[in-house]
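Engineer: First the structure, which I've put down as structure tokens, then a few questions once you've had a look.
The values are calculated or read from the model by the stated rules, or taken from the named source; none is laboratory data. Computed from a prediction, not measured in an experiment: that's the story for all the values here. Cβ coordinates were reconstructed from backbone atoms using ideal geometry, including for glycine residues, and neighbour counts include every protein chain displayed.
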Amino acid sequence: MNTYELISIGLYIVIMVMIGIYSYRKSTSNSEEFLIGGRKMGAFVTALSAGAADMSGWLLMGLPGAMYIMGLSGAWLPIGLTIGAFLNYVIVAPRLRVYTEKARNAITLPVFFENRFHDKSQLLKLVSSLFILVFFTLYTSAGMVAGGRLFESSFGMDYNVGLWVTSLVVVFYTFLGGFLAVSLTDAVQGTIMVIALLLVPAVIVSQLGGVGDAVETIRIKDASYMDLWRGTTTISIISLLAWGLGYFGQPHILVRFMAIDHVRDIKKARHIGITWMIATVGGAVLVGFFGIAYLQQFDTATMLQFDESRALAETIFIYMANALFHPFIGGFLLSAILAAVMSTISSQLLVTSSSMTEDIYRTFFSSHATPRNMLIMSRLSVLVVAVVSFLLALNPKESILGLVGNAWAGFGAAFGPLVILSLLWKRITAAGALSGMVVGGATVLLWVYVPHVYKDVYEIIPGFLLSFLTTIVVSLLTKPVSDDIRREFDEVREETANAGKR
């Protein structure tokens, strides 16, 4: 590792650790503060935290790599994500903020489901917690893999060393500072990410002599890179756009909406969040796309290696940071990848911790669920999930985008339809909610791991559709909800509407 790069990365890590220590001293006196920040987050922190928690290492590695391999046809994925994120802010965010507080101050998604439907069986809470444990363990493992590959590709370090560094730092500040530390570090990390993803493509284009020359160089290599429909089918385009459906069911993003200080701040957060997303996703797209021209013009040997391996192509951002910038600046740019990785890992660790403590520990050990014990269990849960995810990351067998895609689809199908219908449809019942959740999650798992001839269809599509239909059909076939649930639903709808007029 170059000394200048070491200084940049070291400064970034020190800042993250200091935020963790600050957050520990500031507000971690009970589990509610540790897990959801006492619902005191402002619009700016909420927006950047939601964005940074969402994007993970795939933004600076998986997406640029996909654009390098596919050309413009890879843009369908970020288009779908941007639309999904916007709709999530519009449809889900304000209603979820109001409803979770109305539903006996639910601070986790499983508790919200239980309280929303007055489910005394506790099955909704326990089953949804199980899905969180399974899919977030995979998701967190994918983030750790990205961190290990960053140190391996950028600094020539052993993959396992990079894995240790990434895991220890993120676990340290999450363990100490909880939701406040995660949110504040996310805001810093989101800022680093947007600067990096605006700077790198701008410098690439300047080195190539402008956008026109860059595009012409890409045409010379292969004109099909300019074709938005290159190598696509109707199914593949729908599958890429369908990534946007996943937003409605991601607990680590939804919890940001639950934690914002007031529902009226969500509109401001939406403006900030979507602007940030367009800038970062657009920058990642341009890094991969113009990277084709840069390698074609300046480094054909590396180009041949990238063309043959998608795993290598996923390091295009790392290559550009090393090739175009002084090592000190390059180290800052590489810390953007680490920021993306850590922001997502920390959010996932925290949500999984909240599920293990609020949804499982409190259910089975209610007599021991004192504020002090709950805080201790929250921190212990962070460690347990981190260890399991770390062990899975020791021998990665899939691409970063593939690992993230499976977990993203799992949450989107299991929780997405349920979240939407819970907030918009009064008639949904607990039986319908449970059935739809199980069908959605199970469909994704079967679609991924059972051999079949429809592998080109992204698993979130059948999972989301079957979950949605199952929820509606079972709800209509079961006993209507009580008057109390209807009254609560109407109160939430009225309060949300009034907040939107202010």
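Engineer: So which residues in the range 61-75 are of a type in the set (Gly, Ala, Ser) and more than 15 Å from residue 229 (Cβ to Cβ), if there are any at all?
Structural biologist: The first filter runs over the range 61-75 and keeps only residues of a type in the set (Gly, Ala, Ser), leaving 62, 65-66, 71, 73-75.
62, 65, 66 - these are the residues of the range 61-75 that are of a type in the set (Gly, Ala, Ser) and more than 15 Å from residue 229 (Cβ to Cβ).
Engineer: Same structure, new question: May I ask you to list the residues in the range 458-478 that are out of contact with any Ser or Thr (no Cβ under 6 Å at 6 or more places or on another chain) and surrounded by 13 or more Cβ atoms within 10 Å (Cβ to Cβ)? Give the derivation first.
Structural biologist: The initial filter retains those residues of the range 458-478 that are out of contact with any Ser or Thr (no Cβ under 6 Å at 6 or more places or on another chain), namely 459-461, 464-465, 467-469, 471-473, 476-477.
Matches in the range 458-478: 459, 460, 461, 464, 465, 467, 468, 469, 471, 472, 473.
Engineer: Also, quick follow-up: Please tell me if residue 13 is in a helix (DSSP H, G or I), of a type in the set (Val, Ile, Thr) and modelled with pLDDT of 75 or more. Outline the logic, then answer.
Structural biologist: Working: in a helix (DSSP H, G or I): yes; of a type in the set (Val, Ile, Thr): yes; modelled with pLDDT of 75 or more: yes.
So residue 13 passes the test.
Engineer: Restricting to the range 359-370, give me the number of residues that are modelled with pLDDT under 75 and within 26 Å of the chain's Cα centre (by Cα).
Structural biologist: Matching residues across the range 359-370 total 0.
Engineer: For residue 337, indicate whether it is within 16 Å of the chain's Cα centre (by Cα) and in contact (Cβ under 8 Å) with a residue 40 or more places away in the chain.
Structural biologist: Working: within 16 Å of the chain's Cα centre (by Cα): yes; in contact (Cβ under 8 Å) with a residue 40 or more places away in the chain: yes.
Criteria met by residue 337.
Engineer: State whether the residues of the range 319-328 include one that is crowded, with 19+ Cβ neighbours inside 10 Å and either touching a Phe, Trp or Tyr at 6+ places or on another chain (Cβ under 6 Å) or modelled with pLDDT under 80 (or both).
Structural biologist: No, there is no match, as no residue in the range 319-328 is crowded, with 19+ Cβ neighbours inside 10 Å and either touching a Phe, Trp or Tyr at 6+ places or on another chain (Cβ under 6 Å) or modelled with pLDDT under 80 (or both).
Engineer: Let me ask another. Which condition number does residue 378 fail, the rest of (1) more than 22 Å from residue 153 (Cβ to Cβ); (2) of a type in the set (S, T, N, Q); (3) at pLDDT below 75 being met?
Structural biologist: So the condition that residue 378 fails would be (3).
Engineer: Ok, one more. List the helices (runs of 4 or more DSSP H) inside the range 184-279, counting only whole elements, that have at least 1 residues being out of contact with any His (no Cβ under 6 Å at 6 or more places or on another chain), buried (at least 21 other Cβ atoms within 10 Å of the Cβ) and charged (D, E, K, R).
Structural biologist: Values: elements: 211-221, 234-241, 251-259.
It comes to 251-259.
Engineer: Additional query: Check 289, 257 and return the single one that is closer than 26 Å to residue 187 by Cα and either in contact (Cβ under 8 Å) with a residue 12 or more places away in the chain or hydrophobic (A, V, I, L, M, F, W, C) (or both). Before you say what the answer is, go through the steps one by one.
Structural biologist: Working: 289 fails: closer than 26 Å to residue 187 by Cα.
Sole residue among the options that is closer than 26 Å to residue 187 by Cα and either in contact (Cβ under 8 Å) with a residue 12 or more places away in the chain or hydrophobic (A, V, I, L, M, F, W, C) (or both): 257.
Engineer: Taking the range 104-119 as the search range and keeping residues that are part of a loop (DSSP other than H, G, I, E, B) and at pLDDT 90 or above, which one is surrounded by the fewest Cβ atoms within 10 Å (Cβ to Cβ)?
Structural biologist: Looking only at the range 104-119, we keep the residues that are part of a loop (DSSP other than H, G, I, E, B), and these are 104-108, 117-119.
Imposing the further condition that a residue be at pLDDT 90 or above reduces the set to 117-119.
Numbers: 117: 22, 118: 14, 119: 17.
Across the range 104-119, the extreme among qualifying residues is 118.
Engineer: Output the residues belonging to the range 162-174 that are farther than 15 Å from residue 335 by Cα and either crowded, with 24+ Cβ neighbours inside 10 Å or among the polar types (S, T, N, Q) (or both).
Structural biologist: First, pick out the residues of the range 162-174 that are farther than 15 Å from residue 335 by Cα: 164, 168, 171-174.
Of everything in the range 162-174, those that are farther than 15 Å from residue 335 by Cα and either crowded, with 24+ Cβ neighbours inside 10 Å or among the polar types (S, T, N, Q) (or both) turn out to be 173, 174.
Engineer: Which count do you get for residues in the range 120-157 that are closer than 26 Å to residue 480 by Cα and not in a helix (DSSP H, G or I)? Working first, answer last.
Structural biologist: So the first thing to find is which residues in the range 120-157 are closer than 26 Å to residue 480 by Cα, and the list is 120-129.
Narrowing the set further to residues that are not in a helix (DSSP H, G or I) leaves 120-122.
So the answer is 3.
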